[in-house]
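Shown next, in structure tokens, is the structure this report addresses.
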Amino acid sequence: MKRIVIALLILLPLSARAQFSGTERPAGDSTLVISLDDAIKIALSENTSVKVADMEVQRQQYAKKGAYGALFPQISASLAYSYAIQKQKVFFGSDDSDGGSSGGGMASMFKSYFEPIMAYIQQLYEVTGTPFIPYVTPEPEGGSSSSSDPIEMGRRNQVTLGLTASMPVINFQLWESLKITGDQVELAVEQARESRLGTVAAVKQAYFSVLMAKASFDVYDAVCENAGENLKLTESKYKAKKATEIDLARASSNLAAAIPNLFAAENSISLSLWQLKAVMGLDLDKDIDVKGSLEDYAQEMFYEIMEASEASEASLDRNSQMRQLAAQAEMLAKQIRMKSYAYIPTLSMSLSYNYYTQSDMFNLAQWKWLPSSTLMFSLSIPIFTGGQNYYGIRQTVVQADELALQRQETERQLRIAIRQSLSTMDSAMKTYDAAGEALKSAQKAYDIANRSYQIGKITLTDLNNTELTLTQTRLQQYQAIYNFINAKTSLEQTLGYDFAE
């Protein structure tokens, strides 16, 4: 039974090692092996946040084009029909209720003007052959009509066809609002750029996490392999009566203790790959793998890190957050000007062209259509609005002051982030150099201890101690590379470096 357990402990690491043993894969394997550049390109085309940001830019462009439509004439057509249930009536002459003394002069004036017009209308009807039936007021019971009796006007059926065009001539508020709409498009473009920068940083971090998980897997795989070799050697020495039973038990427990770390590293690789696929926008069931290793990025660690004083003066002109805050400040300044323009008069122009007809009989064939057109200029002069314009301007001014304070705080936090990234990079470089020297010594010590154990000069405990030091040193070196490239990724994102650059 003990031999079966030992065999299983040896075979399990071998199976895990076969799953993550480089990029060479059997024929017919559908696993997609990608590089870092490939992962970034796929993410920039498939990531959901990038797609949403691009759609927002398109939406703002449509909004800008729609806003510029306010400068063009607004044309509309209308059709109206009305039926006079009771026709409108007018009075001529004096009011009998006050003996003709009230309004008599005005009534006589209307009558003097109205009678020639009615005569002219009657002549028109005679020329067209249409009978003219003037309204005859019913005579009172006394047998005579009064000059103050009402006269009906118009026809019962009235149809009007109209075409109206209007456009602003002078409107400073409208012109300034169009500039704000253009700034909103630029803000959406910058937000899309920020989304791309964030996506690139997330892809890099996920990619480096996979490489770190693979490096840890290689370290623990080597530990398992050494533990398996030591178990075989200890078992042989035990059979030859050169090792005690406790040595054999210790060798078995060393292998058993190393296997969980190997499986944990294997699981970390799977989780990191899922995270990478999620950031890239790929199907989680798609099999992918990454190229390269952490050692490929070790050469990036050898350059001079800027001092703290230089970091405090690093340019943030390309930082997306600062650009967005600057665009918002410019938009608020234009909003203040736009609200100030509310005190300036506006001039607009409208043109209307109508066809109308009236008839007492609902006979379309006999309706006569008459044209009517009007050109009108309208000047609107603001006088009093109850303080709405003034307080609206003050509100926007306070909002601009708040944004200025927010910009100062954001810049301070970005300066801190730059210093943190540079400090992490500097510490990682020093750790990598120290770990490199320590790794040489640890590897040499382990080789000596391994040969000494084979000839029986040292115990298994001494060998395990040297192996533990070697394992920790390897992990420290890999961790230093991982910390450096992660900090560098954060620094590039803070400084606003695009993927293409």
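Are any residues in the stretch 148-201 under 30 Å from Lys277 (Cβ atoms) and basic (Lys, Arg), and if so, which ones? Explain how you work it out, then say what you get.
Just the residues of the stretch 148-201 that are under 30 Å from Lys277 (Cβ atoms), to begin with: 188-201.
Passing the criteria: Arg193, Arg196.
Of the numbered conditions (1) assigned to a loop (DSSP other than H, G, I, E, B); (2) within 40 Å of the chain's Cα centre (by Cα), Phe362 satisfies every one except a single condition; which is it?
So Phe362 meets the others, but not (2).
Residues checked against (1) of a type outside the set (Asp, Glu); (2) under 30 Å from Ala222 (Cα atoms); (3) in a helix (DSSP H, G or I):
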| residue | (1), (2), (3) |
| --- | --- |
| Thr385 | yes, no, no |
| Glu402 | no, no, yes |
| Arg412 | yes, no, yes |
| Arg419 | yes, no, yes |
| Asp426 | no, yes, yes |
| Ala434 | yes, yes, yes |
| Ala449 | yes, yes, yes |
| Asn464 | yes, yes, yes |
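Could you identify the single residue in Ala165, Ala251 that is of a type outside the set (Lys, Arg) and modelled with pLDDT of 90 or more? Don't jump to the end; show me each part of the working.
Working: Ala251 fails: modelled with pLDDT of 90 or more.
Unique residue meeting the criteria: Ala165.
Going by the structure shown, is Ser378 more than 44 Å from the chain's Cα centre (by Cα), assigned to a strand (DSSP E or B) and not assigned by TED's automatic domain parsing to the domain that holds Gln472?
Criteria not met by Ser378.
I need every pair where a residue in the stretch 273-296 that is assigned by TED's automatic domain parsing to the domain that holds Ser216 has its Cβ under 6 Å from the Cβ of a residue that is charged (D, E, K, R), sequence separation at least 6 or different chains.
Close Cβ pairs satisfying both conditions: Gly281/Glu46; Leu284/Lys277.
Among the residues that make up the stretch 463-480, is at least one of them over 30 Å from Thr234 (Cβ atoms) and at pLDDT 90 or above?
yes
Residues that are modelled with pLDDT under 90 and more than 42 Å from the chain's Cα centre (by Cα): which helices (runs of 4 or more DSSP H) entirely in the stretch 1-107 hold 3 or more of them? Give the derivation first.
Values: elements: 2-19, 36-46, 48-68.
It comes to 2-19.
Failed condition for Val169, given (1) assigned to a helix (DSSP H, G or I); (2) in contact (Cβ under 8 Å) with a residue 12 or more places away in the chain; (3) surrounded by fewer than 19 Cβ atoms within 10 Å (Cβ to Cβ), with all others met?
Unmet for Val169, out of (1) assigned to a helix (DSSP H, G or I); (2) in contact (Cβ under 8 Å) with a residue 12 or more places away in the chain; (3) surrounded by fewer than 19 Cβ atoms within 10 Å (Cβ to Cβ): (1).
Can you tell me how many residues in the stretch 339-364 are closer than 30 Å to Gly392 by Cβ, of a type outside the set (Ser, Thr, Tyr) and surrounded by 16 or more Cβ atoms within 10 Å (Cβ to Cβ)?
Going through the stretch 339-364 one residue at a time, the tally reaches 2.
Okay, residues lined up against (1) in contact (Cβ under 8 Å) with a residue 12 or more places away in the chain; (2) of a type outside the set (S, T, N, Q); (3) part of a helix (DSSP H, G or I):
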| site | (1), (2), (3) |
| --- | --- |
| Ala329 | yes, yes, yes |
| Lys334 | yes, yes, yes |
| Tyr341 | yes, yes, yes |
| Ser350 | yes, no, no |
| Pro371 | yes, yes, no |
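Which of the residues belonging to the stretch 291-317 are farther than 21 Å from Ile485 by Cβ, in contact with a Leu (Cβ under 9 Å, 6 or more places away or on another chain) and modelled with pLDDT of 80 or more?
Within the stretch 291-317, Ser315, Leu316 qualify.
Taking Thr181 as the residue in question, decide whether it is buried (at least 16 other Cβ atoms within 10 Å of the Cβ), part of a strand (DSSP E or B), among the polar types (S, T, N, Q) and modelled with pLDDT of 90 or more.
No, not satisfied.
In this structure, is Asp218 assigned to a helix (DSSP H, G or I) and closer than 29 Å to Ala298 by Cβ?
So Asp218 passes the test.
Report yes if some residue within the stretch 379-389 is of a type in the set (Ser, Thr, Tyr) and closer than 30 Å to Ile170 by Cβ; otherwise report no.
Yes, the stretch 379-389 has at least one match.
The values are calculated or read from the model by the stated rules, or taken from the named source; none is laboratory data. Note that the structure is predicted; figures quoted are calculated from it, not measured. Virtual Cβ from ideal backbone geometry, glycine too; neighbours counted across all protein chains shown.
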